[in-house]
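Read through the structure below, which is laid out as structure tokens, and then see the notes.
The values are calculated or read from the model by the stated rules, or taken from the named source; none is laboratory data. Just so you know, these numbers come straight off a predicted model, no measurement behind them. Backbone-built Cβ (ideal geometry, glycine too); neighbour counts: all protein chains shown. With ligands, DNA and RNA removed, areas are computed over all heavy atoms of the protein, side chains included. Shrake-Rupley method; radii C 1.70, N 1.55, O 1.52, S 1.80 Å.
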Amino acid sequence: MKKVYTIVGAILLSLQTLSGFSQITTSVATNPDKPKTKLESFIAQDGIVLVTSFSTIGTVQGLYDSSVIIQSQEVANPTSGRKEHGITIEVKQSGRIEREHTSYVDYDEIESLLKGLDYIDKIDKSSVKLDDFQADYKTKGDLKFTTYTSKGGEIKLSITSGRIGSTNSYHNKSDIASVRNLLVTAKTKLDSIKQK
């Protein structure tokens, strides 16, 4: 009889564990669709008119047929007068695999992004105690900038947009300056329209 109770107990515990795991998995699976930035949340609204205006600031070509396109963006609700400003960064991979993904950076996050880029740009092998390194800066909108030591010992830059089904653009480290300059130009463009 003890064996029967033990088996039944084990089955009930297994079912309870699977139920909990299912809830965790469902939660993780639904969160990627939830807007993480103010700009995304604003754009996701239904039942209203939204007017999106944008300026393409520039493109930084990467290695292996990859690239990054940076735009300034304003989204406005003409009825309420509310507006949101930010930058979109589209990461593209061409060649055998065609992929692209866009990340949103809210206006109030741009300064910390610029500081983060400055920080990971300064890191080199003398900054760490072991042979290789990887330095990451992530935004709220699933955009990640990474400097790292490549197999050849050079420092490279990777830009990743998205979390599940992400798209990567690979660059020489010197491209950090090009990306940073485009981000500064994009912010300046937004500053000019926000003052009007």
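Of all residues being among the acidic types (Asp, Glu) and assigned to a loop (DSSP other than H, G, I, E, B) in region 138-196, which is surrounded by the fewest Cβ atoms within 10 Å (Cβ to Cβ)? Just the residue, please.
Going through the qualifying residues, I end up with Glu154.
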(request) Kindly indicate whether Asp108 is under 23 Å from Ala44 (Cβ atoms) and out of contact with any Asp or Glu (no Cβ under 7 Å at 6 or more places or on another chain). (result) yes
(request) Given the conditions (1) assigned to a strand (DSSP E or B); (2) open to solvent by 30 Å² or more (accessible area, probe 1.4 Å); (3) not β-branched (Val, Ile, Thr), report the number of the one that Glu40 does not fulfil. (result) (1)
(message) Please go through region 107-116 and give me each residue that is acidic (Asp, Glu) and surrounded by 12 or more Cβ atoms within 10 Å (Cβ to Cβ), ordered by number.
(response) Glu109
(request) Give the residues of region 81-106 that are under 10 Å from Ile69 (Cα atoms), open to solvent by 50 Å² or more (accessible area, probe 1.4 Å) and in contact (Cβ under 8 Å) with a residue 60 or more places away in the chain, sorted by residue number. (result) Lys92
(request) Just give me the residues in region 117-128 being under 19 Å from the mean Cα position of the chain (by Cα) and open to solvent by 10 Å² or more (accessible area, probe 1.4 Å), in sequence order. (result) Asp118, Tyr119, Asp121
